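Okay, structure first, notes after.
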Amino acid sequence: MLSVISASVLISGCTAADKNTAPHDESGKSAYSRSNQSTQSDQSVSVSEGSSGLPESKSETGAYNKDKGTLKSLTYSNLLDTESQEEVKAALVDSGIDENAIKKFFDSVNYFNSNVDTESLVQKGFISSEKLSPEYDQIAIQQKWAEKNPDFIGCNCRITTFTLLKDLIKIKNSSSDGNSDTESDFLTFDISAVKNAPESLFDDEQMKFFKSVFDEMPTTKSMDTDVHVEAFKKEWRKRGVSFDESSKARMISVVFNSDLDDKQTLFIGHVGVLVPGKDNKLLFIEKLAFQEPYQVLKFDDKSQVAEYLMYKYDVEWDQKTAHPFIMDNDSLIEGYGIYNLNKN
């Protein structure tokens with residue numbers, strides 16, 4: 001059973017295709033929205049071609065105009081070596097993140113890296129690449145992980161981010177069921193991962209908070225991103241979600257609009273932690289998917305963070321849903337822009 005789940009989350013992970021957790025129709029097929037069918041299909045192509053980034057067909061047809069932004073290359077690490085880990089650890093400590101949370105994060109990093117094929121990962125320090133979405137051998141990584149972890153699908157972006165920031169996120173209105181009035185099956189894989197992890201990740205109270213932060217939320221039908229930004233803020237206020245603004249650490253969320261079963265919702269399809277690093281750089285810390293690598297990237301400013309995330313995740317064509325948007329804690333990120341020229 002787990003091997004089937006592993007195959008499905010290999011592609012989906014923390015992206016828009018995470019809506020794989022949606023209800024199934026009578027034929028047993030997932031009832032995806034058209035927008036998420038497009039996203040999953042495109043990412044399946046990228047895996048089969050050995051690429052984890054934007055499918056070649058999209059870059060060739062000019063879906064993204066890179067001249068509109070300032071991001072021409074990426075500098076990144078997969079935290080395989082002590083030097084890169086120490087650099088990131090120092091930045092996390094300086095940002096006010098609890099040392100126990102940092103230890104648990106690096107325990108998860110080291111567990112993952114010791115349980116997968118690391119040949120396609122950065123072996124030491126940080127490297128630079130002109131590719132705006134680093135490529136990894138996802139099949140080799142997933143196969144070795146599944147062999148060693150038959151009951152644990154791994155940690156994804158939401159679990160990783162909450163591990164680091166849970167003490168800096170405040171929840172006022174969490175119910176005994178974890179925000180039961182809006183709870184859905186969107187977090188099914190996340191909950192399974194937490195329950196089956198080799199070491200405890202969250203206690204019961206923290207899991208309630210996790211659901212309040214990350215469960216999908218209602219919105220109205222609109223192609224106007226501003227409408228959805230306000231709906232997102234309103235729902236978080238209703239759930240009592242707020243952030244410790246005295247910390248330098250920021251939660252950066254990619255929020256998607258779905259029309260699954262004609263139900264308009266918003267969900268955090270990808271998320272990571274942004275902290276100041278050395279040499280006036282920003283470090284963006286992310287787990288790409290359950291069985292994809294940990295990745296830390298260096299940026300000059302938040303505009304570049306937003307550009308990287310939109311390049312990677314705004315990949316739908318001609319759909320009736322709005323573009324994804326990027327939240328910096330509970331506000332729209334500075335420098336947010338739309339680079340997908342094929343979506344009206």
Exercise for review: Any residue in segment 105-125 that's free of Cβ contacts under 8 Å to residues at least 24 places away in the same chain: show its pairings with residues that are buried (at least 18 other Cβ atoms within 10 Å of the Cβ) at Cβ separation under 6 Å, as long as the two are six or more apart or on different chains.
Suggested key: Ser120/Tyr136
Check your understanding: In segment 123-134, is there at least one residue being crowded, with 22+ Cβ neighbours inside 10 Å and within 28 Å of Met327 (Cα to Cα)?
Key -> no
Review point. Just checking, which of Glu334, Glu316 is buried (at least 24 other Cβ atoms within 10 Å of the Cβ), at pLDDT below 95 and touching a Lys or Arg at 6+ places or on another chain (Cβ under 9 Å)?
Key: Glu316
Check your understanding: So which strands (runs of 3 or more DSSP E) stay within segment 191-310 end to end and still have 2 or more residues that are at pLDDT 95 or above and closer than 30 Å to Ser128 by Cα?
Key -> 250-258, 265-276, 282-287, 294-299
**Study point:** Residue, nearest to Ile338 (Cα to Cα), within segment 282-311, restricted to residues that are of a type in the set (D, E, K, R) and in contact (Cβ under 8 Å) with a residue 40 or more places away in the chain
**Key:** Glu307
Check your understanding: Can you tell which of Lys148, Lys144 is charged (D, E, K, R), more than 21 Å from the chain's Cα centre (by Cα) and exposed (fewer than 13 other Cβ atoms within 10 Å of the Cβ)?
Key -> Lys148
Review point. Just for segment 162-180: of the residues that are out of contact with any Ser or Thr (no Cβ under 6 Å at 6 or more places or on another chain) and at pLDDT below 55, which one is surrounded by the fewest Cβ atoms within 10 Å (Cβ to Cβ)?
Key: Ser176
**Study point:** Those residues of segment 186-238 which are surrounded by 14 or more Cβ atoms within 10 Å (Cβ to Cβ), in contact with a strand residue (DSSP E or B) (Cβ under 7 Å, 6 or more places away or on another chain) and of a type outside the set (Ser, Thr, Tyr), in sequence order
**Key:** Phe186, Phe209, Val213, Phe214, Glu216, Met217, His228, Val229, Ala231, Phe232, Glu235
Review point. In the set Asp314, Asp318, which member is under 13 Å from Thr225 (Cβ atoms) and acidic (Asp, Glu)?
Key: Asp314
Exercise for review: For segment 251-296, enumerate the residues that are small (Gly, Ala, Ser) and farther than 12 Å from Thr160 by Cα.
Suggested key: Ser253, Ser258, Gly269, Gly277
Review point. For segment 265-280, what are the residues that are surrounded by fewer than 19 Cβ atoms within 10 Å (Cβ to Cβ) and in contact (Cβ under 8 Å) with a residue 40 or more places away in the chain?
Key: Pro276, Lys278
Check your understanding: Yes or no: Ala322 touching a residue at least 12 places away in the same chain (Cβ under 8 Å), out of contact with any Leu (no Cβ under 7 Å at 6 or more places or on another chain) and more than 29 Å from Thr118 (Cβ to Cβ)?
Key -> yes
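The values are calculated or read from the model by the stated rules, or taken from the named source; none is laboratory data. Every value quoted in this text rests on a predicted model; they were computed, and no experiment measured them. FYI the Cβ positions are ideal-geometry reconstructions off the backbone, even for glycines, and counts take in every protein chain you see.
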